[in-house]
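K.L.:
Shown below is the structure under consideration.
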Amino acid sequence: MDYGLDSLEFDVHPTKDRKLVVTHDHTVERCSNGKGYVHDFLFDDIRKLDFGGWKDPKFTGTQIPTFEETLDAIFSKDPNYYILIELKEDDDDCTRQVYEICKKQNIFSHSLILSFHPRQLQLLKEWDPSIFIQCFPPRYLKCPVDENLYGTVFNKICLWTKEATNEEIEEYHKKNVVVDICAVDNEDELNKALTLNCDSITTNSPDVIYPLLRKLKLR
């Protein structure tokens with residue numbers, strides 16, 4: 001947020017006892033000193049793992065955050081900050097919990113929910129048609145998806161930077177679908193993105209991309 005990012009994206013998983021936690025991977029190996037799938041851990045057990053030491057010794061002892069703790073951390077800094085919440089599992093109860101928490105905190109006006117699981121996105125749209133929903137092109141998904149959902153249920157999609165074309169972007173724009181490009185993590189990828197008529201870019205490396213944007217007077 002201190003870099004001036006317009007929004008933050010993070011991923012939500014359920015634990016075995018149905019607590020919502022935030023981490024990218026389905027397993028904990030890469031970002032902690034534990035092993036196994038997030039959804040196989042009891043919450044009290046996954047909270048005992050060190051989720052910071054892998055990054056830098058100064059972060060040793062960092063616990064995995066809950067969904068609500070993540071929201072609190074962001075909105076304590078800026079109550080109207082824009083967030084993107086990814087549902088990482090095809091889990092109705094997890095989706096319902098995310099929905100209820102977002103509704104309670106009244107954040108749908110400055111949030112977006114995305115997933116590779118179109119059925120979960122359809123559920124959200126049924127519960128509240130105003131929720132801004134992001135999915136992915138059919139070829140990125142592991143299940144069949146009705147093309148008619150793009151522009152009705154799905155308000156935004158994400159294309160991989162390396163294969164995105166203005167032709168495909170234009171096809172989605174004709175359906176009133178907003179298009180994001182991901183990931184834009186270095187100068188070559190930024191140069192590619194700047195040739196595209198996309199609506200937003202997603203980066204894993206704001207420390208690299210933001211100085212380049214400022215140099216180009218785009219921020």
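The values are calculated or read from the model by the stated rules, or taken from the named source; none is laboratory data. Here the structure is a predicted model, which is why all the values come from computation and not from measurement. Neighbour counts are summed over all protein chains in view; Cβ atoms, including those assigned to glycine, are modelled from backbone coordinates with ideal geometry. Side chains included, ligands, DNA and RNA excluded: accessible areas come from the protein's heavy atoms. Shrake-Rupley method; radii C 1.70, N 1.55, O 1.52, S 1.80 Å.
K.L.:
Residue check, Ile181 against (1) open to solvent by less than 70 Å² (accessible area, probe 1.4 Å); (2) assigned to a helix (DSSP H, G or I); (3) more than 21 Å from Glu89 (Cα to Cα), all met but one. Which one?
P.N.:
The failed condition is (2).
K.L.:
When you check Phe59 against the structure, is it within 30 Å of Leu212 (Cβ to Cβ) and over 14 Å from the mean Cα position of the chain (by Cα), yes or no? I'd like the intermediate steps shown before the answer.
P.N.:
Numbers: within 30 Å of Leu212 (Cβ to Cβ): yes; over 14 Å from the mean Cα position of the chain (by Cα): yes.
Taking the combined requirement at face value, the residue satisfies it.
K.L.:
Would it be correct to say that Pro211 is surrounded by 16 or more Cβ atoms within 10 Å (Cβ to Cβ) and out of contact with any strand residue (DSSP E or B) (no Cβ under 9 Å at 6 or more places or on another chain)?
P.N.:
Here the answer is no, as Pro211 does not meet what is asked.
K.L.:
Among the candidates Leu8, Leu49, Leu71, which residue alone is in a helix (DSSP H, G or I) and either more than 24 Å from Ile131 (Cβ to Cβ) or touching a strand residue (DSSP E or B) at 6+ places or on another chain (Cβ under 9 Å) (or both)?
P.N.:
Being in a helix (DSSP H, G or I) and either more than 24 Å from Ile131 (Cβ to Cβ) or touching a strand residue (DSSP E or B) at 6+ places or on another chain (Cβ under 9 Å) (or both) holds for just one of Leu8, Leu49, Leu71, which is Leu71.
K.L.:
I've got another one for you. Residue pairs, Cβ under 7 Å, 6 or more apart or interchain, first in the stretch 32-43 and in contact (Cβ under 8 Å) with a residue 40 or more places away in the chain, second open to solvent by 70 Å² or more (accessible area, probe 1.4 Å). List them.
P.N.:
Listed pairs, sorted by first residue: His39/Lys16.
K.L.:
Pick from the stretch 11-42 the residues that are in a helix (DSSP H, G or I) and open to solvent by 30 Å² or more (accessible area, probe 1.4 Å): which of them is nearest to Ile101 (Cα to Cα)?
P.N.:
If we take residues in the stretch 11-42 being in a helix (DSSP H, G or I) and open to solvent by 30 Å² or more (accessible area, probe 1.4 Å), then His39 is nearest to Ile101 (Cα to Cα).
K.L.:
Looking at the stretch 43-58, is at least one residue modelled with pLDDT of 95 or more and in contact with a His (Cβ under 7 Å, 6 or more places away or on another chain)?
P.N.:
No, the stretch 43-58 contains no residue that is modelled with pLDDT of 95 or more and in contact with a His (Cβ under 7 Å, 6 or more places away or on another chain).
K.L.:
Would a scan of the stretch 184-196 turn up a residue that is among the polar types (S, T, N, Q) and either within 19 Å of Phe10 (Cα to Cα) or open to solvent by 70 Å² or more (accessible area, probe 1.4 Å) (or both)?
P.N.:
yes
K.L.:
Continuing with the same structure: Can you go through Asp91, Asp45, Asp78, Asp50 and tell me which one is open to solvent by less than 80 Å² (accessible area, probe 1.4 Å) and under 24 Å from Asp146 (Cβ atoms)?
P.N.:
Working: Asp45 fails: under 24 Å from Asp146 (Cβ atoms); Asp78 fails: under 24 Å from Asp146 (Cβ atoms); Asp50 fails: under 24 Å from Asp146 (Cβ atoms).
Exactly one of Asp91, Asp45, Asp78, Asp50 is open to solvent by less than 80 Å² (accessible area, probe 1.4 Å) and under 24 Å from Asp146 (Cβ atoms), namely Asp91.
Quick grid of which residues meet (1) closer than 16 Å to Leu8 by Cβ; (2) among the small types (Gly, Ala, Ser); (3) over 18 Å from the mean Cα position of the chain (by Cα):
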{"position": "Lys77", "(1), (2), (3)": "yes, no, yes"}
{"position": "Tyr81", "(1), (2), (3)": "yes, no, no"}
{"position": "Glu86", "(1), (2), (3)": "yes, no, no"}
{"position": "Glu89", "(1), (2), (3)": "no, no, no"}
{"position": "Pro144", "(1), (2), (3)": "no, no, yes"}
{"position": "Phe154", "(1), (2), (3)": "no, no, no"}
{"position": "Ile169", "(1), (2), (3)": "no, no, yes"}
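K.L.:
Which one is surrounded by the most Cβ atoms within 10 Å (Cβ to Cβ), of the residues in the stretch 117-136 that are out of contact with any helix residue (DSSP H, G or I) (no Cβ under 7 Å at 6 or more places or on another chain) and within 23 Å of Thr23 (Cβ to Cβ)?
P.N.:
Leu121
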